[in-house]
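Undergrad: Pasting a structure here, questions to come.
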Amino acid sequence: MSEVLLHAEKIDKNFSATHAIDHVTLDFYKGEIHALIGENGSGKSTFTSCLTGIYHKDTGTFTLNGKEINAKNQVDGNYQGVAIIVQEIGTLSGLTVAENIFLGKENEFTKLHVKNTKAMNKKAQELLNSYGFDYIKATDIIDKYNFEDRKLIEIVKATHFKPQVLVVDETTTALGEKGRKELFNVMRQTRDDGRCVIFISHDLDEVIEQSDNISVLRDGVLIDTVKSSDVSTDDLKKLMVGREMSNNYYRTDYGEEISSEVVLKAQNVTVPGEIKDFNLELHKGEIIGIGGLSECGMHEVGKALFGASYDREGKVLLANGNEINDIKTAIDNSIAYASKDRDNESLVINDTIQDNICLPSLEDLKRNHILHAKDEKAFAEKFAKQMSTKMEGVHQFMSALSGGNKQKVVLARWIGKDSDIIILDSPTRGIDVKVKADIYQMMDTMRKNGKSIIMISEEIAELLGMADRIIIMKDGITNGEFKRSEDLKDTDLIAKMV
Amino acid sequence: MENEKIQKVPFMDRPIVRNVMPFAGFIFIVLLFTVLTGGQLFTISNLKLLLSQSYVLIIACVGVFMVMTMGGLDFSQGSMLGVCSVVICFLSNYNIFLAIVCGVLTGGVIGLVNGFFNVKRKITSFIVTICNMYLLRGMVAYATTKSPVYGVSNITTYNSMPFNLSFTIIILVVAFVVFQYTGLGNRLKAIGAGETAARFAGVRVERTKMLIYMVAGMITGLAAFINSIKVGSVTSTAGNQLETQIMIALVLGGMPVNGGAKVKFYNIILGALTYKILMAGLVMLGIEPKTQQLITGIVFLVMVAVFADRETGMIVK
């Protein structure tokens with residue numbers, strides 16, 4: 001192997017109660033794409049955030065080309081040779097494309113304390129062109145561009161100065177086919193220049209395909225570094241969770257008869273600008289999968305059925321003919337909803353686990369019209385434990401939990417409420433394999449107990465693996481419907497999506 | 001997985017600190033003024049005086065406590081108390097019960113107006129209630145232009161310690177039971193900590209907010225009754241700066257200024273008493289009103305800084 005480019009020595013970082021990274025020592029070589037993988041909360045992002053100046057490490061040193069570096073912030077990190085493309089949106093609204101690309105580096109274009117905007121725009125446009133993004137105009141306000149284009153602009157922002165180390169943190173989940181291709185191009189180019197890419201992704205196939213070496217983190221500890229050519233996704237999963245994955249990751253049954261009893265019916269549900277004339281009949285004990293491209297309106301379907309959409313037209317009816325028009329009625333009629341936006345819509349993030357689990361069930365918990373604190377605690381503990389939530393206790397605040405554990409609390413809440421119709425939007429988004437398996441297991445159990453599930457998902461494998469019926473949406477309308485079958489291929493679904 | 005490493009939580013972030021600090025502050029202030037006034041502050045007669053000055057503040061704190069738990073603010077309380085007092089004093093000349101009922105209703109209507117602009121027109125409570133503070137103060141000034149509004153001549157006969165104390169205690173007990181044992185407290189805290197998520201968990205956020213603004217107004221109507229029987233009349237300055245006193249008191253009691261999950265009911269009583277003792281102590285030490293304001297300002301700022309729940313963010317709803 002070639003020489004070491006970046007050496008991390010005993011990097012350590014604590015977030016109040018959590019030991020996020022535990023004395024990680026790791027080498028990155030010139031000319032490699034080095035993947036970091038691990039469950040949620042294993043410390044991948046924290047590690048790279050410490051490297052690039054987003055966080056400050058507690059102890060340890062980073063040595064780049066034999067020289068210690070210590071990024072005070074992201075721009076400072078850039079000047080020291082490290083850059084990062086983050087998971088969420090990393091560009092600022094209201095600024096032009098050029099201003100975003102050179103954010104914090106305006107001094108490069110100032111003469112006598114006056115910024116030469118023209119020169120900056122010109123330079124930005126040259127850069128965009130050199131990446132092949134000619135259609136993006138440097139002088140445009142960035143809000144004009146969609147999420148994917150903004151990611152591409154971010155790629156330019158993070159790489160135009162040829163950083164020695166480029167961190168790509170879970171960026172691919174936000175990108176479509178085109179964006180991924182561009183990103184992988186940039187990554188490969190960085191490698192071929194003899195620099196280094198640190199690549200973080202949950203998609204293990206993608207990791208093996210794109211990277212040269214893979215390091216696995218678990219609970220902030222470095223477990224192992226392996227060559228990508230020597231491992232399979234199963235090997236990686238084993239390393240990540242520290243035990244064999246069970247075989248029944250998805251459901252294994254096919255051709256089961258679905259009850260004819262309809263529990264929920266949507267008639268011509270329309271939300272202006274989002275979905276149009278959506279119809280659906282959900283049966284008892286059925287899992288319906290709804291898929292499509294991210295902007296196809298499927299996420300709005302979940303909200304519409306839960307009574308949470310503004311300006312919804314059409315009808316959502318229960319078996320008894322009751323209409324669902326607001327959230328409270330939906331919940332009272334045994335409908336549950338777990339949003340894709342976990343931190344804002346599913347959970348009161350600055351509240352305790354206990355309060356989050358009990359909130360919809362407060363009325364049920366009353367004895368003789370009186371709510372007792374100890375009943376709340378027992379209730380929360382019972383269902384948090386049933387979901388094997390990793391926590392110090394139910395008094396702990398949500399904000400201290402990792403993504404997978406947050407989702408477990410969401411599910412614990414609705415299992416506690418004993419809802420019969422469960423709408424899950426992206427239930428496994430950003431969640432590691434172990435928790436994923438738990439969630440699939442739980443869905444299967446619920447189905448067998450006669451509960452009905454609507455699963456909205458951007459993951460095709462999940463739709464194929466879990467749903468009795470799959471509805472594919474495109475541009476706000478239903479574009480295809482499939483029955484569960486072993487012969488159903490991902491390409492069949494994709495054909496209806498685009 | 002199981003061998004999770006628990007690290008020490010920084011001192012100021014521990015729940016125990018948030019819970020103990022207000023009590024420690026209370027004891028500190030009691031001890032400080034006991035020493036500084038040579039024990040004079042806590043003679044029986046002074047304590048009685050202190051208590052008699054505290055009823056209005058404690059009662060008014062109850063309503064604002066609920067508003068602030070939801071992450072809102074209410075600056076209109078002082079002027080609201082003035083308007084309610086005008087109504088009560090005026091009507092007491094006809095019938096005392098009519099006066100109470102109409103005083104409470106007046107507060108409720110004003111609360112609904114606050115709620116309407118906050119909830120339906122989506123203006124932050126901070127702005128809405130400041131506007132109403134001026135508007136209502138204008139109304140009080142208008143009603144009292146020529147002379148103060150006098151209550152019926154025997155109105156002050158109600159003003160006795162047993163009556164006032166039991167009146168206040170009943171309000172506190174009712175509010176406590178409703179807050180703690182009906183799930184209302186849980187819902188208000190959830191709204192304060194995350195409104196959207198509370199809505200998605202089935203809390204009727206708009207309705208609850210309207211209700212709480214209304215109830216806060218009605219409770220102030222009750223405080224106005226105590227104020228009226230104490231003073232016997234209303235001048236244009238009735239209830240002046242009560243809103244700031246309430247806020248300082250609640251924060252002294254350990255309430256996070258932005259509400260949310262860390263709110264405790266005892267913040268009301270502890271805060272109101274701490275504030276009143278602090279003020280009485282300063283008066284007794286012969287400190288000028290100007291300097292008093294300066295000192296309360298500093299104390300307020302320090303307490304806000306200590307008790308704000310930074311995770312929730314400084315969002316005023």
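Laboratory data are not the source of any read-out in this text; all were calculated from the coordinates shown. Model, not experiment: these values are computed from the prediction. Cβ sites come from the backbone with ideal geometry, for glycine too, and all protein chains shown count toward neighbours.
Undergrad: Determine one quarter of the surface area of the Cα convex hull of the range A:362-498, which equals its mean projected area, and express it in nm² to one decimal.
TA: 10.4 nm²
Undergrad: With θ taken as phi - 60° and the coefficients 6.51, -1.76 and 1.60, list the Karplus ³J(HN,Hα) couplings across the range A:462-474 in order, rounded to whole Hz; mark glycine and proline as x.
TA: 5, 5, 5, x, 10, 8, 7, 9, 10, 10, 9, 10, 8
Undergrad: OK, next. At a Cα cut-off below 21 Å, give the lysines reachable from A:K489, other chains included and same-chain residues fewer than 8 away excluded.
TA: Of all the lysines, those that pass the test against A:K489 - Cα under 21 Å, at least 8 places apart if same chain - are A:K474.
Undergrad: Something else about it: Tell me, B:C131, B:C61 in order of fewest to most beta-carbon neighbours within 10 Å?
TA: Listed from fewest to most nearby Cβ atoms, that is B:C131, B:C61.
Undergrad: Hey, what do the phi angles of the range A:216-230 turn into as Karplus ³J(HN,Hα) couplings, whole Hz, using 6.51/-1.76/1.60 and θ = phi - 60°, x for Gly and Pro?
TA: After applying 6.51 cos²θ - 1.76 cosθ + 1.60, I find 10, 10, 9, 6, x, 10, 6, 8, 6, 10, 10, 7, 4, 6, 9 Hz.
Undergrad: Using a Cα-Cα cut-off of under 18 Å, which lysines could be cross-linked to A:K111, ignoring same-chain neighbours fewer than 8 residues away?
TA: A:K122, A:K123
Undergrad: Whose amide H sits under 5 Å from the amide H of A:I456, counting only residues 5 or more places off or on another chain, with H placed in the peptide plane?
TA: For A:I456, the qualifying residues are A:I290, A:L424, A:D425, A:S426.
Undergrad: Right, here's the next one. What net charge do the residues around A:K57 carry, taking every other residue with its C-beta under 15 Å from that of A:K57, with Lys and Arg at +1 and Asp and Glu at -1?
TA: Details: positive: A:K10, A:K13, A:K44, A:K72; negative: A:E9, A:D12, A:D22, A:D58, A:E68, A:D76.
That sum, taken over residues with Cβ under 15 Å, equals -2.
Undergrad: For chain A, what does the helix formula give at 222 nm: sum of -39500 (n - 2.57) over DSSP H segments with n ≥ 4, over the residue count, nearest 500 deg cm²/dmol?
TA: Details: 17 runs with 164 residues, N = 498.
That calculation yields -9500 deg cm²/dmol at 222 nm.
Undergrad: Could you sort out which of A:K276/A:K483; A:K137/A:K496; A:K303/B:K262 sit more than 28 Å apart by Cα distance in this structure?
TA: Working: A:K276/A:K483 22 Å; A:K137/A:K496 32 Å; A:K303/B:K262 30 Å.
Among A:K276/A:K483; A:K137/A:K496; A:K303/B:K262, the Cα-Cα distance tops 28 Å for A:K137/A:K496; A:K303/B:K262.
Undergrad: Turning to a different aspect of this structure: Please list the helices of chain B that count as membrane-span-like by this rule: a mean Kyte-Doolittle hydropathy of at least 0.5 together with Cα atoms stretching 20 Å or more along the helix axis, each helix being a complete DSSP H run.
TA: Within chain B the helices that satisfy the rule are B:15-36, B:44-69, B:77-92, B:96-115, B:125-143, B:161-181, B:205-231, B:267-284, B:289-307.
Undergrad: Same structure again: Find the eigenvalues of the gyration tensor of the Cα atoms of the protein assembly as shown, then list the square roots of 5 times those eigenvalues as equivalent ellipsoid semi-axes, largest first, in whole angstrom.
TA: Taking √(5λ) for each Cα gyration eigenvalue gives 54, 34, 26 Å.
Undergrad: Another question, if that's okay. Considering only DSSP beta bridges with both partners in the protein assembly as shown, what is the antiparallel share in %, to the nearest 5?
TA: Values: 48 of 84 bridges.
Antiparallel: roughly 55 percent of the beta bridges in the protein assembly as shown.
Undergrad: A:G31's amide H: which non-local residues (gap 5+, or another chain) put their own amide H closer than 5 Å, with H modeled 1.01 Å from N in plane and none for Pro or chain starts?
TA: Under 5 Å from the amide H of A:G31 lie the amide H atoms of A:G194, A:R195, A:C196, each far enough along the sequence or on another chain.
Undergrad: Once you charge only the Cβ atoms, +1 for Lys and Arg and -1 for Asp and Glu, what is the size of the charge dipole of the protein assembly as shown about its Cα centre, to the nearest 20 debye?
TA: Dipole size: approximately 3360 debye.
Undergrad: Are there trypsin sites (Lys or Arg not before Pro) in the range A:90-121 that DSSP marks as loop and that have at most 14 other Cβ atoms within 10 Å, and which are they?
TA: On the way: sites: A:K105, A:K111, A:K115, A:K118; in loops: A:K105.
For trypsin sites (Lys or Arg not before Pro) across the range A:90-121 that sit outside H, G, I, E and B with at most 14 neighbouring Cβ atoms in 10 Å, the list reads A:K105.
Undergrad: Can you give me the long-range amide H partners of A:D351? Hydrogens built in the peptide plane at 1.01 Å from N, cutoff under 5 Å, separation of 5 or more residues or another chain.
TA: Those lying under 5 Å, H to H, from A:D351 are A:M398, A:S399.
Undergrad: Using only Cα atoms, what is the ratio of the radius of gyration of the range B:52-240 to 2.2 N^0.38 Å? Working shown, then result.
TA: Values: Rg = 16.7 Å, N = 189, 2.2 N^0.38 = 16.1 Å.
Normalised Cα radius of gyration, the range B:52-240: 1.03.
Undergrad: Still on this structure: Student exercise: in the range B:52-240, how many lysine pairs 8 or more apart or on different chains have Cα atoms under 24 Å apart?
TA: The result is 6.
Undergrad: Cβ neighbours within 10 Å, averaged per peptide: list A:22-31, B:230-239, B:66-75 in order, most packed at the top.
TA: Top to bottom by mean Cβ count within 10 Å: B:66-75, B:230-239, A:22-31.
Undergrad: Set the bar at 26 Å for Cα to Cα. Now go through A:K181/A:K408; A:K30/A:K57; A:K144/A:K408; A:K30/A:K227; A:K44/A:K151; A:K237/A:K382 and name every pair that lies beyond it.
TA: Checking Cα-Cα distances, A:K181/A:K408; A:K144/A:K408; A:K237/A:K382 exceed 26 Å.
Undergrad: Over the range A:123-179, calculate the relative contact order: mean separation of alpha carbon pairs under 8 Å at least 6 apart, over the residue count, as a percent.
TA: Once normalised by length, the contact order is 34 percent.
Undergrad: Let me know the charge dipole size of chain B about its Cα centre in debye, to the nearest 20, where only the beta-carbon of Lys, Arg (+1) and Asp, Glu (-1) is charged. Don't skip to the end; give the middle numbers.
TA: Numbers: 23 positive and 10 negative charges, 83 e Å.
Charge dipole, chain B, about its Cα centre: 400 debye, nearest 20.
Undergrad: Which whole-number percent is the relative contact order of chain B (Cα, under 8 Å, 6+ apart)?
TA: Result for chain B is 32 percent.
Undergrad: Would you work out the relative contact order for chain A, in percent, from Cα pairs under 8 angstrom that are 6 or more residues apart?
TA: Relative contact order here is 15 percent.
Undergrad: Let me ask something additional. What is the sum of charges around A:S426, taking Lys and Arg as +1, Asp and Glu as -1, for the other residues whose C-beta is under 10 Å from the C-beta of A:S426?
TA: -2
Undergrad: Then there's this: Taking only DSSP H segments of four or more residues, each worth -39500 (n - 2.57), what value at 222 nm results for chain B once the sum is divided by all its residues, to the nearest 500 deg cm²/dmol?
TA: -23000 deg cm²/dmol
Undergrad: When the expected Rg is taken as 2.2 N^0.38 Å, what fraction or multiple of it is the alpha-carbon Rg of the range A:164-299?
TA: Ratio of Rg to 2.2 N^0.38 Å for the range A:164-299: 1.49.
Undergrad: So, one more: The range A:104-139: which chymotrypsin sites (Phe, Trp or Tyr not before Pro) are DSSP loop and have at most 12 other beta-carbon atoms within 10 angstrom?
TA: A:Y135
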